[in-house]
Structures are given as structure tokens and as C-alpha cells.
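Below is one structure, written out as C-alpha cells, with a few remarks after it.
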Amino acid sequence: MAKGREIKLPLPAAADLFSTQEERDEAKREFIADISLEEISDFPDHPYKVKQDESMLELAASIREKGVVNPALVRPKTEGGYEMVAGHRRKFASELAGKTDMPCIVRNLTDDEAIIIMVDSNLQREKILPSEKAFAYKMKLEAMNRQGKRTDLTSTPVVSKFRTNEILGKESGESRETIRRYIRLTELITPILDMVDEGKIAMRPAVELSYLPKEQQQVLFDTMELEDCTPSHAQAIKMRKFAEAGKLNEDVILSIMTEEKPNQVEQFKIPKKRIDKYFSPGTTPKQMEDTIIKALELYRRRERGRER
């Protein structure tokens, strides 16, 4: 046969040669099953925090009494076992409730599909920390960007009509700029990001601080701890400008952080070393402050009683 008239036929994959159509369909079909908790691993780099707080204890009590009402979503791993996609809190609560397995929907998902579902399922929660949103938005945006570059997932690449961060904003009910700000928070060192979660540092100054090199962020955190203060938006902008000019160092950070702020409330400070012996290890500064205030109130009542 002439080379120009050669007909090329697609060859079936080896797996298709040794499996029936029913088996191939079954491999793609999702199903619900009770799966041992030991067989379920956490999603890699899961951005949402699973804490043993009051809400978790309530969930555990409910599961102990009624079981898991809504099945979790898992995907099978090639090496065996399953990976949690949606249901990390239910799994932890099940462990607290003394359960050994939990109902799960088993579904075959690509990495990017799993990331998007994992992020979306948790964004429906009533309370989400800034750090959780930050890493969740970053993971989903990266997955959407990868999908937009793949022509086998959609006839028209996602990025051809909208920027992926605009789509993410529309899906999340946030503006594109808000999405950008949250993702910037992932550049903060953990101690400073924790302060954002605790409400000690607001979003706008936190975004400015995210542009500081990690070493200078650590110096800033140490200064905040020592001076018991946090930067205003204006101070954060000033530090960023010094950093961009290559002039930010420990002395400059201390100088900026000790500037008197407008309407600043006078602070009374006690060296932590002087009061450490009165508290158990691990007591937070806020707990120490509350205890001292209560002790002073009790002392004042006693003094008034003596005067009478």
C-alpha cells in the first residue's frame, strides 16, 4: 500500500483490552460506602483549620448520637486508601465520638477538580478565618489557571473570556481586589498571620506587611511582642517603602513602631518575667491581663469593706 494512502487506526489502551465495558463504567461511577477512618488521609495542604473547639464538641456529640448525617466526599488513591476532599471536620468529630468508620461518597477526581470542590465546600461555613480564605483562594486560583490552560477540559479556555481571579471573585461573592488582598496574606510569616486571624492586625496593614522580606517580618514580630503594639496602616506603608528602598532594619522598625499614634491610649506595661511565676505555662497575655484585672477588682472590694 502506498505510504500516502496508509490508514492509521487508534489502538485501544492495554487496560481496555483486558476489561469489560461494565468494569470500565464501574471505575468511573461514584458510590457511597462506610469507610474506615484509618483508610482516609487528609487533603494535602488543606487550608482550613480543624480545631477541638466548642463547635467541634457539639458536632461530635451529634455524631455519637445520630451518626454522620451527610456523607463526606473522598477520592481513591492510586496506592490504596482514600483522600478526604470534603468532610475533614466530620472525620475529626467521628474520631472524637469513638467511631471507626464514616459514610463517604467515593468519586474519581483529578487534582484540580478535587481542589476546587474542597475549597468551595468549606467556603460555605459561617465563620472562616482570614488565613483560611487566603490559602483556599490561592489553591483554587492556581487550579483554575491550570484548567484554563488545558483545552481538553473546555472548548474555550477560561482565561479567554474572563481573568480567573474575576471568575473566582464572582463565585465567592468577593471583588477581584479583595481576592488579591487575601492571597497576599499567604506571604506573611505564621506568627503575624496568626495575629490577623486573632483580629490584632487589620487586613489593610497586613497586606502592606506581606511585602516585607520574611527576615524583616520576623524582626517586626519580635518588636511587636517586646513593645506590645501593632502597626497602623500608615506605619505598615512606611515600613514597606523603607523595605523597597533597602533601608528597613531593626532600628528603623523600632523607631516606626514606637511613634505615638493619633488618639493613642496610654499603656501601662509590666515586664512579663515579673508575673510569669503567678501563671501556668502556656497562659496567653490576654488571659494574664483578665486575671490581673479580676484580682485588682477583688482587692478593691476588700479594701472598701475594711474602710467600712
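Within segment 287-295, does at least one residue satisfy the condition of being farther than 30 Å from Arg180 by Cα, within 31 Å of the chain's Cα centre (by Cα) and hydroxyl-bearing (Ser, Thr, Tyr)?
no
Restricting to segment 277-287, name every residue that is open to solvent by 100 Å² or more (accessible area, probe 1.4 Å), in a helix (DSSP H, G or I) and closer than 25 Å to Lys200 by Cβ.
Answer for segment 277-287, where residues must be open to solvent by 100 Å² or more (accessible area, probe 1.4 Å), in a helix (DSSP H, G or I) and closer than 25 Å to Lys200 by Cβ: Tyr278, Lys286.
With respect to the numbered conditions (1) modelled with pLDDT under 80; (2) in a helix (DSSP H, G or I); (3) not β-branched (Val, Ile, Thr), which one is the sole condition not fulfilled by Gln124?
(2)
Out of segment 180-193, which residues are out of contact with any Ser or Thr (no Cβ under 7 Å at 6 or more places or on another chain) and either hydrophobic (A, V, I, L, M, F, W, C) or open to solvent by less than 60 Å² (accessible area, probe 1.4 Å) (or both)?
Tyr182, Ile183, Thr186, Ile189, Pro191, Ile192
Conditions (1) modelled with pLDDT of 95 or more; (2) not in a loop (DSSP other than H, G, I, E, B), marked per residue:
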position: Thr178; (1), (2): no, yes
position: Ile192; (1), (2): yes, yes
position: Gly199; (1), (2): no, no
position: Glu208; (1), (2): yes, yes
position: Cys229; (1), (2): no, no
position: Asp251; (1), (2): no, yes
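Filtering segment 104-114 down to residues that are touching an Asp or Glu at 6+ places or on another chain (Cβ under 8 Å) and open to solvent by less than 30 Å² (accessible area, probe 1.4 Å), which residue is nearest to Lys138 (Cα to Cα)?
Ala114
Could you go through segment 60-76 and let me know if any residue there is touching a Ser or Thr at 6+ places or on another chain (Cβ under 7 Å), among the small types (Gly, Ala, Ser), surrounded by 15 or more Cβ atoms within 10 Å (Cβ to Cβ) and modelled with pLDDT of 90 or more.
no
Applying the selection to segment 40-93, what residues are touching a strand residue (DSSP E or B) at 6+ places or on another chain (Cβ under 9 Å) and on the phi > 0 side of the Ramachandran plot?
Across segment 40-93, the qualifying residues are Gly67, Gly81, Gly87.
List the residue pairs whose Cβ atoms are under 7 Å apart, where the first residue sits in segment 40-51 and is among the charged types (D, E, K, R), the second is in a loop (DSSP other than H, G, I, E, B), and the two are 6 or more positions apart or on different chains.
Lys49/Leu129
Mind listing whichever residues of segment 288-308 are acidic (Asp, Glu), open to solvent by 100 Å² or more (accessible area, probe 1.4 Å) and more than 22 Å from Asp228 (Cα to Cα)?
Across segment 288-308, the qualifying residue is only Glu307.
The values are calculated or read from the model by the stated rules, or taken from the named source; none is laboratory data. Only a predicted model underlies this, so the values are computations on that prediction, with no experimental measurement involved. Cβ sites come from the backbone with ideal geometry, for glycine too, and all protein chains shown count toward neighbours. All accessible areas refer to the heavy atoms of the entire protein, side chains included, with ligands and DNA or RNA removed. Shrake-Rupley method; radii C 1.70, N 1.55, O 1.52, S 1.80 Å.
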